[in-house]
Structure formats: C-alpha cells, structure tokens
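A.B. asks: Before I ask anything, let me first share the structure, which is written out below as structure tokens.
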Amino acid sequence: MMRCALLGRCFRIPLILLTVCLWRPICAAETPTSLCDRDPTSALVFVGTLTAAKPQKEYADFTIMKFHVLELLEGETSSDVTLGMEPACYQDPAMPDQIGRAYLVRTHLMSEGIIDTLMDCDQMRPVDQASTELEYFRKVKKGKTPTEISGEARFQKRLPLTSFPLPGTSVHLLGGGHEYNFVSDDRGLFRGVLDPGRYKVSVGFPKGFEPISEGLCGPLEFTLAEGRCTSVALCAQASGSITAHIVDADGDSLPSNYKFGLTLTTAERGEFVENVFPDEKSNLVIDNLLSGKYILALTAPATEEAPYRPFYYPGVRSRAEAQVIDLGPGEQKVLPEMRIKKGKPCWIRVHVIDEDQKSLPSDDVTIAYAETRWFYIAPEWRGDAHGEGAAFAVFPGTVFLRAENENEARTGFDSDVVEVNSCPSEPVLLKVGHSVTSPQKPRGN
C-alpha cells in the first residue's frame, strides 16, 4: 500500500479562525504496516464523527468539516475539530449518509493552534475502510512500531512542471552520534530503521544535478520521531547551462533599452523549455538545464520598440537549419557569438474578402514566421468592420498571413495562407473560403 507524506503552503480561512496550511502529497515506498509522514512530531490523528460539512464562501475550493473526536490516536486536541478539505474528496454535503459517519482523520497540529487542511483524500477515510491504518496507529500509541525513514530523491521543476526519480543518489544522515548511509533505488526511493533523534542530511545527486531547496522538497534537517515513519523528499535541479553574447548583424552590442526575448526549445520535438532574455550587456545565460539538444528561437515577432529578428548563427534562415546546441550532463556550454539581424519594421495592409470578393470583417488576422510552429494573433492588428486593417511584421524573412473568422455557432472560416517576403506596397488579399470546425489550430504565442 502506498501512502503519501505531506508538504505545505499557508493561507487563512476566517471561519476556522486559524491559519491553515495546505499540504501536497509526495509519495514514498512503504510497507502495509507503517504510514510515513513528513512531520510525525506534529501529527494529529483521530477517529471522529462528521457533524457538519459546508462550502467555504471566501474559498470555493474548500469545504469546512467539523468532527466530534471519538478516539484520539496521536497529538492533542479538544473534543471537536474544525478543518478544511478539497470538495473533490467529499461527496455532496446534503447527502445524509455522510453526516454522522465515523472517519479516521490524519492531519497536523502546527504552532499557535494551526490545523492542517486535508489535501489528500486518503487523509479522511471511513473507519470501515481504514482497518490497516487503525491497526498501525494503535500500535504506535502502544509503542510497538519502529523508528523509520522513507525518502525519495527526484528532479523537480516548477515551470513547466516536471518531476522524475533520481536513482543512485547517495544520502548521508548524521545526528546524535549516529551515522547512516543510503543509496536510492531505481525508483529514487530509500528506506531504513534508525535511532530517533535530530538529523542533518547531505545528498550526492548523480552527475548533471545539484540540490535545490523549494517548498515542495526537504527539509535537510529533521527529527525522527520515536516509533514513527518519517518521510523526506530530496529534490534536485539540473546543473547544465548555456551562455552566449548577443550582438546585431554588424557585431555591435544591442542597445540596453531594447527589450526582446528568445525561446529555448528541444531540438527533436520543438518542446518549450523556457523563455530567456539577455541582460543589459547583451549577455544571455540559461541555467538549470538538463542534458539534451536545444535550439534558440525568437520568442515573438519583434515590435517597433525592439525590431530584431534571430539570425541563427552562422546565418541560416529557418529552424531546420538552426544551430543545435548539444548539452551534456552538467555541462557549462559557452556558445560562439550569436548574431541577431536588425529587421525593417512594416505595417502590412490587409483586406479580408469572401469568395465573392466582398469585404468580410475578421475576428483576427494571424501571423507566422518561418521559425514559428503555428499561427498566432498578429501583434497590433488593426482591423475594421470592412475587413481592412494592418498587421505589424519585421523583415527580412518570410511572413505567413491568415484570416480567421468565427461565427456564433463556433464554426471557423479560414482564409488561404499568403506568404509575404518583403514589405508590400499594396494590400494583401486574404480570401476566406473553406470552413473548419472548432477547435481551430493554435493561435497563441
């Protein structure tokens, strides 16, 4: 059976009159006979009758639960407990079979009377479905369970949210005259029976990774409670980096008042990694990167305030020919000077018409450069009720234009795609003809 240790963030729910901490689950390996907890020293475990449950007006994401304590298994509390819970973990409060039912509740008592909010649905289980957990906590109360640690070593990144185990991570625990060493298995997990006490942990992650301290991870110093299983999450970030100096096509540094960005994507699939921006000295530093192959591309079309276009070193004009950056585990790669070709800003006049050559107002005119993978709403699009307007672009380079019109039935009508290679003197005609059903192709940058 798999149980989850809990990690937290705090806010206030006025009805409870307490600061409530939200704890997210981090799962670790466990035996069916023990339940591991990130902070067992503050655990509050009880069997209680649910006496009331209603949504919280100020925080629609939570239901306020009230229990009458029948059997206190861990911690200290009064005979009645009030806490919050995610609605997805609880059925309709109006259902009478929920009120009056007995539950095993696992939560925490924090400082100053703070009570943890239930975020993991298994923290509140009907007594008739929690026989194993009840047996364990009753043994804990009698002092018949070992002092254990259950840990997980993993890579963790917030944006985009990414997490995976790190096998072969060495873990060294030192405290109270005791010393223990572990190595995570192929699932990034480790476990052992230890002496209770206060411990500090040092971690040796595999090559290409370094420790990270985030709200979802740690702590690196903790107390192992006697007779309880303590769960620890050890998180790492990638240690690879890419450094480059960005200049214009003539080799001059970019003016510091120009703000533009680039996007780092994977070379094989073009998956987004992150948006990056040079500093005031035109130096670009991208760190915390995993090993792999990458391509730097333009974040979005240049504007009048920043009329630059990527000129992929050593001067190619399409993504297929762009420089592939091959980064090894933990490698600190310095790229040759990257040149950005200054473009010529252009307002492209556009006239949207239907198949009968009549003007047709368009919801949006969308645009794509050769380096981008999809159409997005043209920056500064200025259209009117007669289907006439202008879209801003930067040349040299190839620009693709398309009109998109959507009616009340959510059925889209797209124009043919028109390729433009320089700033045109005459309006570009976008003839809307064939229909497409929603959802349409991606339009966001």
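The values are calculated or read from the model by the stated rules, or taken from the named source; none is laboratory data. In this text the structure is predicted, and so the values were computed from the model without any measurement. Cβ coordinates were reconstructed from backbone atoms using ideal geometry, including for glycine residues, and neighbour counts include every protein chain displayed. Accessible surface areas use protein heavy atoms only, side chains included; no ligands, DNA or RNA. Shrake-Rupley method; radii C 1.70, N 1.55, O 1.52, S 1.80 Å.
A.B. asks: Within segment 207-238, which residues are open to solvent by 40 Å² or more (accessible area, probe 1.4 Å), of a type outside the set (D, E) and without any contact (Cβ under 8 Å) to a residue 60 or more places away in the chain?
C.D. replies: Within segment 207-238, P211, S213, P219, L220 qualify.
A.B. asks: Give me the residue from segment 64-81 that is among the β-branched types (V, I, T) and at pLDDT below 90 and, out of that set, surrounded by the most Cβ atoms within 10 Å (Cβ to Cβ).
C.D. replies: Restricting to residues being among the β-branched types (V, I, T) and at pLDDT below 90, the top hit is I64.
A.B. asks: Another question about this same structure. Would you be able to tell me the number of residues in segment 204-227 that are outside any strand (DSSP E or B), modelled with pLDDT of 95 or more and touching a strand residue (DSSP E or B) at 6+ places or on another chain (Cβ under 7 Å)?
C.D. replies: Within segment 204-227, residues that are outside any strand (DSSP E or B), modelled with pLDDT of 95 or more and touching a strand residue (DSSP E or B) at 6+ places or on another chain (Cβ under 7 Å) number 2.
A.B. asks: Can you tell me which residue in segment 159-183 is surrounded by the fewest Cβ atoms within 10 Å (Cβ to Cβ), limited to those that are without any contact (Cβ under 8 Å) to a residue 24 or more places away in the chain and among the polar types (S, T, N, Q)?
C.D. replies: Ranking the qualifying residues of segment 159-183, first place goes to N181.
A.B. asks: Which condition number does E133 fail, the rest of (1) at pLDDT below 85; (2) within 30 Å of Y199 (Cα to Cα) being met?
C.D. replies: Going through (1) at pLDDT below 85; (2) within 30 Å of Y199 (Cα to Cα) one by one, E133 breaks only (1).
A.B. asks: May I pose another question? Among the residues of segment 100-129, how many are in a loop (DSSP other than H, G, I, E, B), out of contact with any helix residue (DSSP H, G or I) (no Cβ under 9 Å at 6 or more places or on another chain) and over 17 Å from R38 (Cα atoms)? Walk me through how you get there before you give the answer.
C.D. replies: First pass over segment 100-129, keeping only residues in a loop (DSSP other than H, G, I, E, B): 100-101, 110, 114, 116, 119-120.
Filter once more, keeping what is out of contact with any helix residue (DSSP H, G or I) (no Cβ under 9 Å at 6 or more places or on another chain): 100, 114.
Next cut, over 17 Å from R38 (Cα atoms) only: 100.
Here the count works out to 1.
A.B. asks: Out of (1) open to solvent by 30 Å² or more (accessible area, probe 1.4 Å); (2) within 26 Å of the chain's Cα centre (by Cα), the odd one out for G151 is which?
C.D. replies: The number of the failed condition is (1).
A.B. asks: Continuing with this model, one more query. For segment 34-63, how many residues meet the condition of being within 15 Å of A130 (Cβ to Cβ) and modelled with pLDDT under 90?
C.D. replies: Residues in segment 34-63 being within 15 Å of A130 (Cβ to Cβ) and modelled with pLDDT under 90: 1 in total.
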